[in-house]
Structure formats: C-alpha cells, structure tokens
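First comes the structure, then the notes that go with it.
The values are calculated or read from the model by the stated rules, or taken from the named source; none is laboratory data. Values in this document were obtained by computation on a predicted structure and should not be read as measured data. With ideal geometry, Cβ positions are generated from the backbone for all residues, glycine too; neighbour counts draw on all protein chains shown. Just the protein is used for accessible areas: all its heavy atoms, side chains included, with ligands, DNA and RNA removed. Shrake-Rupley method; radii C 1.70, N 1.55, O 1.52, S 1.80 Å.
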Amino acid sequence: MTIVSFDEILNIICDEYDRLIAPKKIRRSNKNIIYLILKACAKGYELIANIIYALDGKFDPARCQDADLISVAKLVGTEMIEGNGSGLIVRVTNNNPSNAVVLEAGRYVYEFNADIKFFLDIESDIEIAGGATEQFAAFSENKGSFPVTAQGSISVEREDEADISPDLQFSCDDNTTILGSEDETLYEFRKRILTDNTRSDILQRLELAIKNKPYIFDATIFFNQSDVDVTVGETVVPPYKMLLTLLGYPRDEIAEIVASHCIYQTVEVAGNGGTLRYVSPNMAGGAYEVHYKNFDEQLYDVVVDYRYDSRLALKTNIETELNKALAQYKFPTKRTSLIKESIFYNLIEDLNLPSVEVLNITLKVAGVEVPYIDVNKTSIGKLQTLTLNGTDIA
C-alpha cells in the first residue's frame with residue numbers, strides 16, 4: 001500500500017473536477033467555497049487512508065511488525081516457546097562410612113564458570129546413610145546449551161553461604177543428554193504461526209504450557225477420542241484417555257497445569273514414567289493424579305559420503321567438525337517428528353567447511369536403508385552410529 005499526501009490527494013480531486021467542468025477550471029483559492037469543500041474531502045480521505053495504512057497487516061502474521069506479533073499470537077491461541085536451561089545430574093556421596101549425614105534443605109550452587117551456574121534445590125532435609133549416594137538434578141538459570149563433562153568432584157556452595165558437612169562429596173555426570181535451548185526466535189515464531197494449524201486445540205495449548213517449564217525439555221500429548229483402543233508407538237491408549245510423554249525432570253506442578261486445561265484420565269505405563277499429583281480439596285480423593293511416560297528411543301544410523309581437498313583441509317579436522325555438529329542428534333533433547341536426509345545436508349552445508357562437498361547421505365534403521373524416519377509421538381529419534389566416508393580429490 002502506498003501512502004499519498006494531502007496535497008497529492010487534493011490535486012487528484014481538483015484535476016478530476018477540472019475534467020468534469022472542462023474547458024473551465026476550478027479556481028484554487030481559499031476564497032472559493034467549492035475548493036474549500038474539495039480540501040475537506042481530501043483531508044477526510046487522507047485520514048481514512050492513514051488509518052487503513054496503520055492497520056494494514058497489523059493482524060497478519062506474515063506482514064505485521066515484530067511488536068505486534070505477540071498480540072496476533074494471542075488472538076490465534078498460541079505463544080512463543082520459551083527456552084530452558086541445561087540440566088546437570090549431581091550426585092552427593094556421604095564419605096563417612098559409619099554415620100548418616102543430613103543434606104539440609106536449601107539452594108545449592110555449582111559455579112561452572114563466571115557466567116554459568118547450576119542450581120540444585122533441596123526442598124527438605126535428606127538423610128544420606130554412611131557410604132551412600134543420592135542423585136539430584138540441577139539446572140542453569142541461563143537458557144541455552146552448556147555442556148559439562150563428568151567430574152568425580154565439584155565444588156558446591158549453598159546460596160545462603162551456610163556450611164555444608166565436610167563428609168558430603170559432590171560429583172556430576174556428563175550432561176550431553178539434557179542440554180537446554182534458547183528461546184524461540186521471532187522468525188521461528190512467525191513461521192510457526194503461519195504453518196501450524198493445530199494451535200486452537202486445547203491439547204496443543206496444554207502441550208506448549210508444559211514445554212515452557214524450564215525443567216521439561218520436550219513433551220507430547222495424545223488423546224484417544226474414539227471408543228476403541230489405539231496404539232501409539234508401543235503404548236496402548238484406552239478410549240477417552242490421555243497419554244502424556246515427557247523428557248526432563250517432571251514436578252507436581254505439571255499436574256496442576258494439566259488440571260487447569262482439562263481433566264482427563266491419563267495412561268499409566270508400568271515401569272516407564274511416573275505419577276504427578278495436584279493436591280486439591282475439590283478433587284475426589286483430595287488430589288488429581290497425572291500419569292506420564294518417558295520418551296522411547298527411535299534408533300537410526302547416518303552414513304555421510306563426501307569429498308574434500310586435502311590441500312585445503314585435513315580429514316581429521318573435517319570429521320571433528322562433523323561429529324560436533326551432529327552430536328545434537330546423538331543426544332537429542334527435542335523431538336523431531338520427521339527425520340529426513342535434507343536435515344543433515346543443510347546442517348553440513350551451513351558449516352562451510354573448506355572444499356567439503358556432500359555426495360550422499362543415507363539413513364538406516366536396523367541396518368536397512370530408508371528414505372525418511374517417521375517418529376511416533378512417544379519417541380525421540382536418536383542417532384546411534386555416524387559413518388563418515390571421505391574421499392580426497394587432491
């Protein structure tokens with residue numbers, strides 16, 4: 001849409017009036033009552049045009065300004081996907097072989113570096129038997145991916161600077177399987193609004209609300225609205241029951257979130273997952289229980305055939321970069337519903353490695369080549385083996 005000024009509008013109106021009264025012409029003077037009427041019309045047209053211009057695209061996700069995008073998203077029933085901090089498995093060992101030691105309630109801090117800290121919240125005093133070890137999950141408050149290697153001893157302090165028993169030793173595991181992510185960008189958000197046609201579904205809104213919790217890395221929801229059993233992955237979902245699948249460290253708060261959206265019976269999967277409780281006197285039995293299962297793994301292999309010029313790049317350096325880039329698929333924290341060869345083509349091309357040209361990418365499941373991998377709602381695709389076949393063209 002083109003903005004037209006008041007003078008341009010007035011000239012257009014007057015010219016058209018001149019055409020109608022030709023060969024005469026209107027005297028363009030403020031002493032001419034007809035000219036003043038035309039000026040008033042031009043001003044009104046300018047006002048209407050400016051309003052139209054201001055509103056044009058304001059409620060269109062494809063064309064609206066970034067500042068209007070959040071408001072538009074609320075109108076269509078969605079919101080931005082928030083990132084989360086990286087997780088870290090912390091083990092606390094009582095080095096006193098004979099006496100139990102209490103890990104007192106409070107917030108414990110592991111300073112990974114000057115910018116990144118992991119926080120471990122202990123809700124109540126925990127007694128650790130002599131020589132025993134307890135395991136906990138700590139999270140960074142900074143959103144993003146912060147890899148930490150396994151360490152037999154780490155320095156942990158209390159946030160309130162209170163003393164910690166010297167008999168307690170803290171250690172951590174490699175956290176490559178529970179790395180966090182950044183907030184969804186405005187570009188990604190805009191693209192999702194334009195392409196996602198499920199956002200008006202209350203279950204989709206519930207799924208998004210759960211994903212936006214910092215201790216949940218991914219979540220999917222399936223509701224069986226038929227009157228017969230439905231199998232999702234390896235799980236049988238009875239009629240009119242909901243299957244909740246989570247990756248992360250669920251808390252009872254999730255049950256309250258579910259209750260605030262819908263009250264459905266949830267599927268309990270024996271030996272896989274757990275039960276969360278929303279305590280409320282309004283619920284039968286005093287609480288609403290939400291069962292969840294953990295994601296299964298859909299294993300697959302990738303073979304990358306490429307060529308390079310050894311005069312421009314070392315094969316060891318190339319394969320180090322390729323392994324580093326594809327590590328996110330070996331230790332996924334986000335579910336990809338459809339795994340295609342193009343994902344890996346694009347990822348490798350974006351690395352801009354000197355002289356490297358991808359010749360072919362092969363996906364395999366259980367040793368059998370497949371064109372793509374359709375991952376069911378209760379599974380996460382996991383890259384099991386990455387094979388790199390490089391040919392030197394020098």
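Once both labels are positioned 7 Å from their Cα atoms along Cα-to-Cβ, the gap between Asp252 and Lys191 label points is 4.1 nm. Binning every alpha carbon pair distance of segment 1-42 at 10 Å from zero, what are the percents per bin? Percent of Cα pairs in each bin: 30, 53, 15, 2. Among beta bridges from DSSP that stay inside segment 195-320, the antiparallel ones total about 85%. With contacts taken as Cα pairs under 8 Å at a separation of at least 6 residues, the chain carries a relative contact order of 12 percent.
Just the Kirkwood number for segment 89-140, please: inverse of mean 1/r across all distinct Cα pairs, in Å, one decimal. After inverting the mean inverse Cα-Cα distance, the result is 11.8 Å. Here the spin labels are modelled as points 7 Å beyond Cα on the Cα-Cβ line, and at Gln169 and Leu351 they lie 3.8 nm apart.
Exceedance of the 25 Å cut-off in Cα-Cα distance is limited, within the set Lys58/Lys213; Lys191/Lys330; Lys324/Lys382, to Lys58/Lys213; Lys191/Lys330. Kirkwood's formula applied to the C-alpha pairs of segment 1-155 gives a hydrodynamic radius of 23.0 angstrom.
Using a Förster distance of 45 Å, how high is the FRET efficiency between Leu338 and Lys315, based on the Cβ-Cβ distance and rounded to 0.05? For Leu338 and Lys315, the calculated efficiency is 0.90. Longest segment of the chain with no GluC sites (Glu not before Pro) in a DSSP loop having at most 10 other Cβ atoms within 10 Å? It works out to 162-394. Centre-to-centre separation between the Cα atoms of segment 345-394 and those of segment 128-144: 35 Å.
Globularity index of segment 168-307 is 1.25 (Cα radius of gyration / 2.2 N^0.38 Å, N = number of residues).
The tail of the calculated P(r) for the chain, taken as Cα-Cα distances beyond 26 Å, holds 69 percent of the pairs.
Placing one equal scatterer on every Cα of segment 304-394 and applying the Debye formula, the log10 ratio I(q)/I(0) at q = 0.15, 0.16, 0.22 Å⁻¹ is -0.59, -0.67, -1.14.
Spin-label model, Lys43/Asn142: points 7 Å from Cα along the beta carbon direction are separated by 5.9 nm.
Relative to the current alpha-carbon distance between Ala67 and Lys330, full extension at 0.36 nm per residue lengthens the span by 91.0 nm. Among the trypsin sites (Lys or Arg not before Pro) found in segment 280-357, those both in a DSSP coil and sparsely packed, with 15 or fewer other Cβ atoms within 10 Å of their Cβ, are Arg311, Lys334. Solvent exposure of Asp125, expressed as accessible area, is near 100 Å², computed with a probe of 1.4 Å over the protein chains only.
Scaling the Cα radius of gyration of segment 152-211 by the globular reference 2.2 N^0.38 Å produces a ratio of 1.98.
Per residue, the convex hull spanned by the Cα atoms of segment 46-102 measures out at 144 cubic angstrom. Taking the empirical scaling 2.2 N^0.38 Å for compact globular proteins as reference, segment 108-233 has a Cα radius of gyration ratio of 1.45.
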